[in-house]
1. If Asn204 meets every condition in (1) modelled with pLDDT of 85 or more; (2) surrounded by 17 or more Cβ atoms within 10 Å (Cβ to Cβ) apart from one, which number is that one?
2. Any idea which of Thr39, Thr61 is surrounded by 10 or more Cβ atoms within 10 Å (Cβ to Cβ), among the β-branched types (Val, Ile, Thr) and at pLDDT 70 or above?
3. What number goes with the only condition from (1) in contact with a Phe, Trp or Tyr (Cβ under 8 Å, 6 or more places away or on another chain); (2) farther than 26 Å from Leu261 by Cα that Phe145 does not pass?
4. Output the number of the condition that Gln225 fails; it satisfies all remaining conditions of (1) of a type in the set (S, T, N, Q); (2) out of contact with any strand residue (DSSP E or B) (no Cβ under 6 Å at 6 or more places or on another chain); (3) over 18 Å from Leu259 (Cα atoms).
5. Any residue in the stretch 422-447 that's within 15 Å of Val307 (Cβ to Cβ): show its pairings with residues that are not in a helix (DSSP H, G or I) at Cβ separation under 9 Å, as long as the two are six or more apart or on different chains.
6. If the Cβ limit is 7 Å and pairs must be 6+ apart or interchain, which residue in the stretch 221-248 that is surrounded by fewer than 11 Cβ atoms within 10 Å (Cβ to Cβ) and modelled with pLDDT of 70 or more pairs with which residue that is of a type in the set (D, E, K, R) and assigned to a loop (DSSP other than H, G, I, E, B)?
7. Filter the stretch 209-222 for residues that are farther than 18 Å from Asn184 by Cβ and touching a strand residue (DSSP E or B) at 6+ places or on another chain (Cβ under 6 Å) and give the result.
8. Evaluate the stretch 328-335: report whether one residue or more is in a helix (DSSP H, G or I) and more than 16 Å from Glu449 (Cα to Cα).
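The values are calculated or read from the model by the stated rules, or taken from the named source; none is laboratory data. Bear in mind the structure is a predicted one, so any value in this text is a computation, not a measurement. Neighbour counts are summed over all protein chains in view; Cβ atoms, including those assigned to glycine, are modelled from backbone coordinates with ideal geometry.
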Amino acid sequence: MISSIKKIALASGLMLAFTLSAQAATSISLDELLEQVKTGRVTDAAANKARLDEFRANRATQAKLLNDEKAEQKRQEDNSVRMEAQFERNDQQILVLETAFQDRLGGLKELIGVLQQASGDARGQFETSLTQVQFPERTDFLLEFAKKMGQSNRLASLEEIERLWFELQREMTESSKVVTFTTNVVNSVGEENQQEVTRIGSFNVISEGKYLEFVPETQRLVELQRQPPSRYTGRIGDLTSSDSGKFPIGIDPTRGQLLGLLVQSPSLMERIDQGKTVGYVIIVLGIFGVLIAIWRVLVLSAVGAKVSRQTKNISEPNSNNALGRVLKVAQDSAGSDIETIELKLGEAILRETPKFNAMLPLLKIISVVAPLLGLLGTVTGMIVTFQAITLYGAGDPKLMAGGISTALVTTVLGLVVAIPTVFLHTLVSSRARRLTQILQEESAGMLAELAEGKQNAA
């Protein structure tokens with residue numbers, strides 16, 4: 001080994017010498033080069049000797065360290081054997097203790113299962129209950145209790161079992177109370193504020209005249225973006241401002257489902273807006289028809305009143321009413337023959353009849369056109385709905401149901417307009433026919449008197 005080191009040192013010295021000589025071949029003579037090689041050999045030899053002496057000095061130390069490591073390895077191997085034996089003994093002891101533990105449990109096994117199931121069910125129920133806002137700490141207890149019951153090496157204490165019973169009993173008790181307290185509420189714009197709320201059992205939570213919604217995922221009370229109609233919210237203020245008494249108020253026994261459906265139901269104006277242009281046209285026609293009918297009823301009532309007064313005084317016809325004008329024609333033609341008077345009376349009646357039937361054809365047209373316009377709106381709405389189904393498919397029933405519902409709004413509007421319009425048209429036309437009948441009866445009576453008079457005179 002030493003000879004190898006010497007050879008390596010010699011080769012290194014020669015390499016160094018040749019390198020130096022190559023760098024300065026033009027400026028160094030051969031004697032100087034030989035002297036440098038000798039000097040390098042001496043220096044390398046001294047360094048190698050120093051390293052060799054150091055290695056020999058440390059060889060004893062390295063041998064001692066090796067022996068120490070071997071001794072430590074032997075000790076650890078012996079310790080490993082002892083630990084394996086101890087592990088086997090402990091494993092056997094654990095098996096014995098578990099067997100004894102299971103034997104001693106006996107009927108408590110069923111109790112543990114019942115407690116685990118009860119705590120899990122209670123936690124699931126409490127997380128969605130409105131009372132959770134008031135008692136948020138109970139879910140953590142139930143979670144830890146269920147975990148403990150799921151472990152085979154741990155049992156619940158009597159205090160924990162009593163706590164579970166207490167939470168179940170408190171939930172039942174609080175479900176029958178109307179309680180006011182302060183908590184965080186997220187308003188309609190997303191801001192969370194502290195405000196006073198009133199909990200009505202486990203059904204609804206109200207605050208500041210509005211219904212609130214409990215979100216189990218965030219454990220927060222959120223103000224409904226849209227409130228129910230005023231008939232449901234009108235008595236909230238009376239309930240929140242009173243300490244006792246009975247107050248009629250709407251509650252949701254389904255814990256928010258009915259309230260959600262009620263909120264989603266469109267109002268009257270929203271229903272009308274769903275009819276779009278056709279719906280508004282139908283409504284305008286309906287209003288116009290009703291106004292015409294009211295105007296004609298008033299006019300015919302006034303005419304009927306004048307005619308009724310005239311029937312009580314046939315001998316003195318007045319030109320301010322239809323019957324008076326017809327009677328005046330008969331009086332003016334008293335010297336003529338009966339056939340001529342009859343023709344003139346018929347002409348006078350025909351002249352008065354159009355005044356009675358004015359605007360009736362328009363009213364009838366409205367009653368017929370309104371449902372047709374409703375049908376037109378429904379057909380166009382169904383076309384739009386089927387186009388949406390073609391684009392997005394029929395996987396979402398709400399899409400199709402919502403489109404059909406919107407389309408049928410125009411049909412409803414058409415029927416709503418047509419039904420009262422038909423009724424009003426019948427009412428107005430019957431009054432007009434009644435007035436015409438009165439004119440015909442009175443003219444026929446006058447002709448009969450004139451004919452009888454002329455016959456007696458002859």
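1. (1) is the only condition that Asn204 fails.
2. On the way: Thr61 fails: surrounded by 10 or more Cβ atoms within 10 Å (Cβ to Cβ).
Just one listed residue meets the conditions, Thr39.
3. Condition (1) is where Phe145 drops out.
4. All conditions are met except number (3).
5. Correct list of pairs: Ala432/Asn357; Ala432/Ala358; Arg433/Asn357; Thr436/Asn357; Glu442/Ile314; Gly445/Ile314; Met446/Ile314.
6. Every condition considered, the pairs that remain are Pro248/Arg235.
7. Just the residues of the stretch 209-222 that are farther than 18 Å from Asn184 by Cβ, to begin with: 209.
Within the stretch 209-222, none qualify.
8. no
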